[in-house]
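Here, each number is a calculation from the coordinates, and none is a lab measurement. Every value quoted in this text rests on a predicted model; they were computed, and no experiment measured them. Because the Cβ atoms are built from the backbone with ideal geometry, glycine has one as well, and the counts that use them run over all protein chains shown.
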Amino acid sequence: MFEFYLRVFVYFFCFLIVLFGMNALDFNRFLRQGKVMQAQVLYFVIACALAYLTGSFFMSVIYYFYKG
């Protein structure tokens, strides 16, 4: 049960960090005018994908050092 809560915490924390980091990019240059809803969906999907990859990396490192 502890592993589940740790995993949820790590993924949520990584999601927040990724959103914070993505604010530095100017996505308006790459998107079409008037496609606000599609741009928001794309932004969310990219953030989720990066958070999943980052979280999986950290969980692998934690698992490696925990199991020895």
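Name the single residue that is surrounded by the fewest Cβ atoms within 10 Å (Cβ to Cβ) among those in region 2-36 being of a type outside the set (G, A, S) and assigned to a loop (DSSP other than H, G, I, E, B).
Here is the first cut: in region 2-36, the residues of a type outside the set (G, A, S) are 2-20, 22-23, 25-33, 35-36.
From what's left, assigned to a loop (DSSP other than H, G, I, E, B): 23, 25-26, 30-33, 35.
Working: N23: 9, L25: 11, D26: 8, F30: 9, L31: 14, R32: 8, Q33: 6, K35: 11.
Across region 2-36, the extreme among qualifying residues is Q33.
I'd like the full set of residues that are without any contact (Cβ under 8 Å) to a residue 24 or more places away in the chain and assigned to a helix (DSSP H, G or I), limited to region 55-68.
The initial filter retains those residues of region 55-68 that are without any contact (Cβ under 8 Å) to a residue 24 or more places away in the chain, namely 56-57, 60-61, 63-68.
Listed by number, the residues that qualify are S56, F57, S60, V61, Y63, Y64, F65, Y66, K67.
Looking at region 18-53, which of its residues are more than 27 Å from V8 (Cα to Cα) and in contact with a Phe, Trp or Tyr (Cβ under 8 Å, 6 or more places away or on another chain)?
F27 - this is the single residue of region 18-53 that is more than 27 Å from V8 (Cα to Cα) and in contact with a Phe, Trp or Tyr (Cβ under 8 Å, 6 or more places away or on another chain).
What are the pairs with Cβ atoms under 9 angstrom where one residue, in region 25-54, is free of Cβ contacts under 8 Å to residues at least 60 places away in the same chain and the other, located anywhere, is hydroxyl-bearing (S, T, Y) and surrounded by 11 or more Cβ atoms within 10 Å (Cβ to Cβ)? Sequence gap at least six, or different chains.
Every condition considered, the pairs that remain are F27/Y43; A51/Y11; Y52/Y11; T54/Y11.
Do you know which residues across region 37-68 are loosely packed, with under 10 Cβ neighbours inside 10 Å and among the aliphatic types (A, V, I, L, M)?
M37
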